[in-house]
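Quick notes on the structure that follows.
The values are calculated or read from the model by the stated rules, or taken from the named source; none is laboratory data. If you're wondering where the values come from, they're calculated on a predicted model, not measured in any experiment. Counting neighbours? That spans all protein chains shown, and the Cβs are built from the backbone with ideal geometry, glycine included. To get the accessible areas, we keep the full protein, side chains included, count just its heavy atoms, and leave off ligands, DNA and RNA. Shrake-Rupley method; radii C 1.70, N 1.55, O 1.52, S 1.80 Å.
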Amino acid sequence: MGKTPKPPKRYFDTATEEKATDKPKKIKSKSTDFSEGSTNATSGKVKKEFKPKLETDAMEVITVNDRHARPSGKKKHGLRKAQNKLEEVPVDPAALARYSRGQGVAVEGVKSKFQKIHQKRKDINIEFATEQAARAEILLNEEEGYLEVDDDELTTEVSQAEIVNNVDITTAAKHFNLQLEFGPYRMRYTKNGAYLLLGGKKGHVAAFNWVKKSLLCEMNVMESVHDVAWLMNQTMFAVAQKNWVHVYDSKGTELHCIKTMHRVSRLEYLPYHFLLNSINDEGYLSWMDVSIGKTVASYNTRLGNTNMMCQNPWNAVTCLGNSKGVVSMWSPSVRDPLAKMLCHSMPMTALTVDPTGIQLATAGLDRTIKIWDIRQLEGPLVTYKLQTAASGIDISQKGLMAISLGNICEIYKKPSVVQRDLKPYLRQRTSSTIANFRFCPYEDILGIATASGFTSIIVPGSGEPNFDSLEANPFQSLSQRREDEVHSLLEKIPSEFISLNPSQIGEVDVPSLKDRLESKAKLMTMKVPKIDFEPRMKNRMSKAKRFKNKQKVKEVLRNEAIQNIKEAKQSLTAEAREPQESADFIPLESKSVLDRFRDKKAKKK
């Protein structure tokens, strides 16, 4: 009948029989043309695609040489193709300069290798954060916008009603007017600009969220109110009443009465130092740490009653103006003023520092406004003439300057050296005399406190449109507020660091350090000095007795010198052994009754 077919081979049989060097088998087929449109010239029929027939009774295993298809464990150079990397987009050097934190720490003087590596890693992280902040600046697409009118019109002719009719509903709701009967009023916004605090001269105090129009508390303290100030956030505020400064919470409950601040006329709060700053009608300037409730410093400025006080946000120095036209700058660590500037030849009426801490604006009875460079203590950079003396002045985050002239408030664009013509940008007339006004942070709003109430007007282009949520978040939640309180307490700056140039804090006073080291070295190697003593010549005193008295006195003086040197050396060694603790140091282990269970040797150490 024919040969019987062989049984099919197993895959393991094929693998064992074939050598590794043999080439893989291929399926043989007749040469056919698979291209589309190919025809047979003789038959005129279209060729069909070749499909190999699989036999079930005779099956052959096909092996594939995948030695080059699968990558081996060992890396072979030149086999893999280089992957396409994304090209790094260069960063704008101007943006890097804006977010730069200065030069890194020089590690040449660091002795420990671990500390050098730690400092280098820290510098690398800082450089990376600076670069990321500069790259993310492209996302800050919000910019301030000013009013634009035709060539034959003026922006001062645009009323608040026209602005309200042409803005969105949210912004239009921020323009409102409060008619109150206990004025004149003092007002203050929180750091994030979400809450407003009002204090009337006749005792009316109110705190509320001015955006949502939700009231926190409202009361009458039944005595005169001279100034108000928010503390760390909207949970606490301070009120300068007739005799003392009182601290209240957001519900109006009195928490504390600060009797060391007597008959205060102005209040300021330093948020990074947790210091409440005040000056009274007798000229005493005080700082109190609200985190521990202790008075840091209190000095007599010898300026008398002054109503002009502001803080420099750049270095936390307090600026005071007096009737002699002099601006003095004060710090709690120094009894005398750090610097004095003669700004006007006549008494001053107002002063303020811009939010960047670069320029100081002053106004006087000579009907002038002067802009000074507060960092170099030079100027005036620009001098403007007014028709009447300004009673108040304030600068917004974007450099707009507001001036009060009786019951008229005028807003001017950012003053510059090039454009010396002082033309008003907006003008607002109130129903009564303006007592106080401030720009709202992160909003195009100017709050005006008058003798008969409060008015909130829209000033396009005055606020910073982009905010840092870790610095001041207008939409802060309850958990974010609690976390911010903890972080701010941990990052609290000591009051001793307040100076004119805060960048000098990290520097070492090399001359004084050398003097101290030399004095210590001399003291450790000091010897007993030679004592020259000659007793007085007396009648009827023998030479032997005179020599004996001389030796006694020399011995006493020598013993005293030896004892003094010994005590000085012991004090130096004790200072070197004991760790130096700052005034605000909190020990990890406090002395308590449980210390009796500790080891006696550990106690002695």
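Lys and Arg at +1, Asp and Glu at -1: add these up for the other residues within a Cβ distance under 14 Å of Ala94 and post the number. Before the final figure, lay out the partial values.
On the way: positive: Arg98, Arg135; negative: Asp92, Glu131, Glu137.
That sum, taken over residues with Cβ under 14 Å, equals -1.
Starting from the Cα gyration tensor of segment 333-401, take the square roots of the eigenvalues, sort them a ≥ b ≥ c, and report rounded, prolate or oblate (rounded when a/c is under 1.5, otherwise prolate if a/b is larger than b/c, else oblate).
Working: a/c = 1.78, a/b = 1.24, b/c = 1.44.
Note, shape of segment 333-401 comes out oblate.
Could you look at segment 160-496 and say what percent of its accessible area is carbon and sulfur, using a 1.4 Å probe and all protein chains? Mind showing how you got there, number by number?
Working: 7600 of 15060 Å².
Result for segment 160-496: 50 percent of the exposed heavy-atom area is carbon or sulfur.
Would you kindly calculate the mean projected area, averaged across all directions, of the convex hull enclosing the Cα atoms of segment 283-422, in square nanometres?
On the way: hull surface 36.1 nm².
Computing the convex hull of the Cα atoms and averaging its projections yields 9.0 nm².
If you roll a 1.4 Å probe over the heavy atoms of the protein chains, what accessible area per residue do you get for segment 292-339, in Å²? Before the final figure, lay out the partial values.
Working: 2120 Å² over 48 residues.
With all protein chains present, segment 292-339 gives 44 Å² per residue.
Just to check I understand the Karplus step: with θ = phi - 60° and J = 6.51 cos²θ - 1.76 cosθ + 1.60, what whole-Hz values come out for segment 146-151, glycine and proline as x?
After applying 6.51 cos²θ - 1.76 cosθ + 1.60, I find 9, 6, 10, 10, 6, 5 Hz.
With a 1.4 Å probe and all protein chains in place, put His204, His256 in order of accessible area, largest first. Mind showing how you got there, number by number?
On the way: His204 15, His256 90 Å².
Result of the area sort, largest leading: His256, His204.
Go through segment 190-221 and name the chymotrypsin sites (Phe, Trp or Tyr not before Pro) that are in a DSSP coil and have 12 or fewer other Cβ atoms within 10 Å of their Cβ. Let's see the in-between values first.
On the way: sites: Tyr195, Phe208, Trp210; in loops: Tyr195, Trp210.
In loop regions of segment 190-221 (DSSP not H, G, I, E or B), there are no sparsely surrounded chymotrypsin sites (Phe, Trp or Tyr not before Pro).
Calculate one ³J(HN,Hα) per residue across segment 320-326 by plugging θ = phi - 60° into the Karplus curve 6.51 cos²θ - 1.76 cosθ + 1.60, and present them in order as whole Hz with x for glycine and proline.
10, x, 10, 6, 9, x, 10
How do Arg186, Arg546 stack up against each other in accessible area, from largest to smallest, with a 1.4 angstrom probe?
Final ranking, largest accessible area leading: Arg546, Arg186.
If I take R0 = 51 Å and measure r between the Cβ atoms of Gln119 and Val528 in this structure, what FRET efficiency does the formula 1/(1 + (r/R0)^6) give, to the nearest 0.05?
Numbers: r = 46 Å, r/R0 = 0.90.
The calculated FRET efficiency here is 0.65.
Tell me the relative contact order for segment 160-496 as a rounded percent, counting alpha carbon contacts under 8 Å between residues six or more apart.
On the way: 849 pairs, mean separation 44.6, N = 337.
Relative contact order for segment 160-496 comes out at 13 percent.
With θ set to phi - 60°, apply the Karplus curve 6.51 cos²θ - 1.76 cosθ + 1.60 along segment 185-201 and write out the HN-Hα couplings as whole Hz, x wherever there is a Gly or Pro.
Listing the rounded values in order: 10, 10, 9, 7, 9, 6, 5, 8, x, 8, 10, 10, 10, 10, x, x, 4 Hz.
Which pairs in the list Lys113/Lys514; Lys191/Lys324; Lys530/Lys552 are over 23 Å apart, alpha-carbon to alpha-carbon?
On the way: Lys113/Lys514 25 Å; Lys191/Lys324 32 Å; Lys530/Lys552 14 Å.
Cα-Cα > 23 Å for Lys113/Lys514; Lys191/Lys324; rest within.
Could you tell me whether segment 160-496 comes out rounded, prolate or oblate from its Cα gyration tensor? Rule is a ≥ b ≥ c as square roots of the eigenvalues, rounded for a/c under 1.5, then prolate if a/b exceeds b/c, otherwise oblate.
Working: a/c = 1.34, a/b = 1.03, b/c = 1.30.
It comes out rounded by the Cα gyration axes.
I want the local charge near Lys116. Using Cβ-Cβ distances under 12 Å, sum +1 for each Lys or Arg and -1 for each Asp or Glu among the other residues.
Numbers: positive: Lys111, Lys113, Lys120, Arg121, Lys122; negative: Glu108, Asp123.
For residues surrounding Lys116, the net value is +3.
Classify segment 169-217 from the C-alpha gyration tensor, please: rounded if a/c falls under 1.5, else prolate or oblate depending on whether a/b exceeds b/c. Intermediate results must be reported in sequence, preceding the final value.
On the way: a/c = 2.18, a/b = 1.56, b/c = 1.39.
In terms of gyration-tensor shape, prolate.
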